[in-house]
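Reading through the structure tokens given below for one structure.
The values are calculated or read from the model by the stated rules, or taken from the named source; none is laboratory data. Only a predicted model underlies this, so the values are computations on that prediction, with no experimental measurement involved. Note that we place each Cβ from the backbone using ideal geometry, even for glycine, and neighbour counts take in every protein chain shown. Side chains are part of the model used for accessible areas, which takes the heavy atoms of the whole protein and leaves out ligands, DNA and RNA. Shrake-Rupley method; radii C 1.70, N 1.55, O 1.52, S 1.80 Å.
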Amino acid sequence: MKKLFSRTEAYDKVHFAVMAIENGAQKLNIPAQSMEQRLMKTDLIHKRLFRHYDMLHTQSLEYVTDDIVETLQNREAKL
């Protein structure tokens, strides 16, 4: 079977961020697009999900979801 693409670290980080965004949105009962916008506004996609990918991707999806939701709510409360 022919390989369509090769996985890179950038691909893995984006895939991880998408899963975190979708699961965070479900936890908050909001659309994923709203979750993404809130994370972008607080710069948590880059400063949390990408920067700490090496540690976070080894955790359960539930842990990552709880972490990103709590971090987002704390960051928004400070704004």
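Quick notes on this structure:
- Test: residue in region 6-18 that is open to solvent by less than 50 Å² (accessible area, probe 1.4 Å) and more than 11 Å from the chain's Cα centre (by Cα): yes
- Residue 46 vs. criteria open to solvent by 10 Å² or more (accessible area, probe 1.4 Å) and at pLDDT below 95: no
- Any hit, region 8-31, residues being hydrophobic (A, V, I, L, M, F, W, C), touching a Gly at 6+ places or on another chain (Cβ under 8 Å) and modelled with pLDDT of 95 or more: no
- Helices (runs of 4 or more DSSP H) fully within region 1-61 that include at least 3 residues being without any contact (Cβ under 8 Å) to a residue 60 or more places away in the chain and closer than 17 Å to residue 76 by Cα: 9-28, 32-41.
- Subset of region 62-79 (residues that are in a helix (DSSP H, G or I) and either among the basic types (Lys, Arg) or modelled with pLDDT under 95 (or both)): 75, 78
- From 53, 63, residue being open to solvent by 80 Å² or more (accessible area, probe 1.4 Å) and aromatic (Phe, Trp, Tyr): 63
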